[in-house]
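Remarks on the structure that follows.
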């Protein structure tokens with residue numbers, strides 16, 4: 001028996017999701033900045049099954065657990081949106097230790113390093129055609145689908161609530177962050193690595209009765225991203241406005257990755273904005289960062305893609321977002337017939353753009369230099385459909401927290417000619433929208 005599909009009136013997914021934002025395990029995958037790469041948004045609630053991987057050390061392979069839960073059966077639905085149900089979840093950066101021998105994390109941020117729900121109740125919004133549907137599976141599919149239709153919001157939202165009283169604390173001083181950058185440069189000049197992604201973390205105590213969805217709305221207004229998301233998972237909330245696709249694979253096995261490396265701020269007026277964009281495109285340092293990550297991704301994709309299928313149709317293209325310009329490349333391939341979307345995720349995790357190259361040695365150096373664990377930051381939000389397709393983003397431009405603390409983190413790729421002071425300044429540019437979303441002002 002196939003899924004129940006109910007057409008519903010198209011609306012802003014943010015409006016539709018608002019009444020569900022406090023529901024445990026509710027998910028909004030939000031194409032807040034509509035692009036050709038992000039034409040659909042999704043709401044998912046009430047998963048039939050939740051897969052968790054507790055913090056390191058893991059007793060079982062978390063990636064295998066997701067693959068087992070999805071099973072080998074493939075079910076396609078004839079709708080223009082690529083996702084109509086399946087697994088949606090959060091894979092923390094430290095899960096790289098499942099795949100390679102790495103130093104254990106310095107501390108435990110949250111109870112679980114992976115939380116994945118198996119969702120057979122989804123609302124999908126196609127921004128290109130301005131159509132929407134509720135899709136449900138199971139013996140009670142019609143009952144659950146009609147119940148979700150009734151629960152979706154329809155009324156325009158009031159303005160997002162104002163900032164709350166919260167004080168950010170930088171975990172690392174400017175002096176220490178610049179010293180970490182210099183240490184990474186020393187490793188590069190010694191021949192250990194070609195590049196490392198060095199970041200710093202900001203921490204705030206979670207205000208009482210915090211309106212997490214209100215914070216997400218403020219963040220989304222300040223810095224919308226094509227891969228934005230709000231995850232109200234038990235034990236952790238994740239608010240992201242990521243600009244970066246990690247991996248996408250179609251139901252036919254076509255693979256795409258879109259690594260970002262190279263950043264400049266947006267200018268306050270057109271002339272300065274264009275100057276920043278020209279400077280980025282001409283920067284030998286930023287282009288070298290990007291090229292190294294493209295080569296790393298080609299190598300990772302080679303583990304699961306057909307020989308000779310990997311190409312780079314776009315190398316170091318300029319893409320502009322509300323607060324920054326980025327250099328973005330596109331790497332494509334064809335998944336081998338015996339490989340699955342989870343195999344692809346496993347082969348490339350975590351993303352090379354947030355580690356460095358070579359990946360394993362860069363991750364060892366990151367562990368040595370950064371003050372704390374990364375947790376969800378630099379990990380992945382992914383959906384894997386019942387038809388075998390997948391899309392995923394790199395968790396950057398994000399706020400993550402629980403009832404005790406909220407974390408924001410930012411950094412950049414370090415190469416031999418990086419300037420520590422400029423790298424520190426770049427990290428603040430990237431962090432500013434997250435910090436301001438909570439308390440109204442950056443550091």
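Starting with the fewest neighbours, write out 297, 99 ranked by other beta-carbon atoms found within 10 Å of each beta-carbon. Let's see the in-between values first.
Working: 297 25, 99 16.
Ascending number of Cβ neighbours within 10 Å: 99, 297.
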Compute the distance in nm between two label points, each set 7 Å from the Cα along the Cα-to-Cβ direction, one at residue 59 and one at residue 101.
2.5
How long is the stretch 123-203 along each principal axis, judged by its Cα atoms, biggest number first, in Å?
62, 38, 28
For the stretch 338-357, list residues with backbone N below 19 Å from a point placed 7 Å from the Cα of residue 306 toward its Cβ?
338-345
FRET efficiency for residue 169 and residue 221 from the Cβ-Cβ distance with R0 = 30 Å, rounded to 0.05, comes out at 0.75
So how much slack lies between residue 146 and residue 48, counting 0.36 nm per residue of separation and subtracting their Cα-Cα distance, in nm?
33.6 nm
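Could you grab the relative contact order for the chain? Cα pairs under 8 Å, six or more apart, rounded to a whole percent. Can you show the working numbers first?
Details: 1016 pairs, mean separation 103.7, N = 443.
Relative contact order for the chain comes out at 23 percent.
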In degrees, nearest ten, helix 141-151 long axis to first principal axis of the chain (Cα):
70
Taking Cα centroids, how far is the stretch 1-30 from the stretch 183-197 in Å?
45
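Hey, could you get me the Stokes-Einstein D for the chain, Kirkwood radius over alpha-carbon pairs, 20 °C and 1.002 mPa s, rounded to whole µm² s⁻¹?
Values: Rh = 21.9 Å.
Diffusion coefficient, whole number: 98 µm²/s.
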Residue 318 paired with residue 361, simple spin-label distance in nm, labels 7 Å along Cα-to-beta-carbon
3.4
How far, in degrees from 0 to 90, does helix 420-439 lean away from the longest principal axis of the Cα atoms of the chain, to the nearest 10?
30
Determine, for 101, 23, 332, the number of other Cβ atoms within 10 Å of each Cβ, and report the residues in order from fewest to most.
101, 23, 332
For an R0 of 22 angstrom, estimate the FRET efficiency from the Cβ-Cβ distance between residue 421 and residue 275 and round to the nearest 0.05.
0.65
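Per the helix-only calculation at 222 nm, which mean residue ellipticity applies to the chain, given -39500 (n - 2.57) for every DSSP H run of n ≥ 4 and division by its residues, nearest 500 deg cm²/dmol? Could the numbers behind the result be given before it?
Numbers: 11 runs with 126 residues, N = 443.
Per the formula, -8500 deg cm²/dmol.
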Over what distance in Å are the Cα centres of the stretch 258-282 and the stretch 307-359 separated?
22
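Using 0.36 nm per residue of separation minus the Cα-Cα distance, give me the extension gain between residue 10 and residue 282 in nm, one decimal.
93.7 nm
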Provide 424, 377 in ascending order of the number of other Cβ atoms located within 10 Å of each residue's Cβ, fewest first.
424, 377
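Each value in this text was obtained by applying a stated rule to the coordinates, not by laboratory testing. If you're wondering where the values come from, they're calculated on a predicted model, not measured in any experiment. We place every Cβ from the backbone using ideal geometry, glycine too, and count neighbours over all the protein chains shown.
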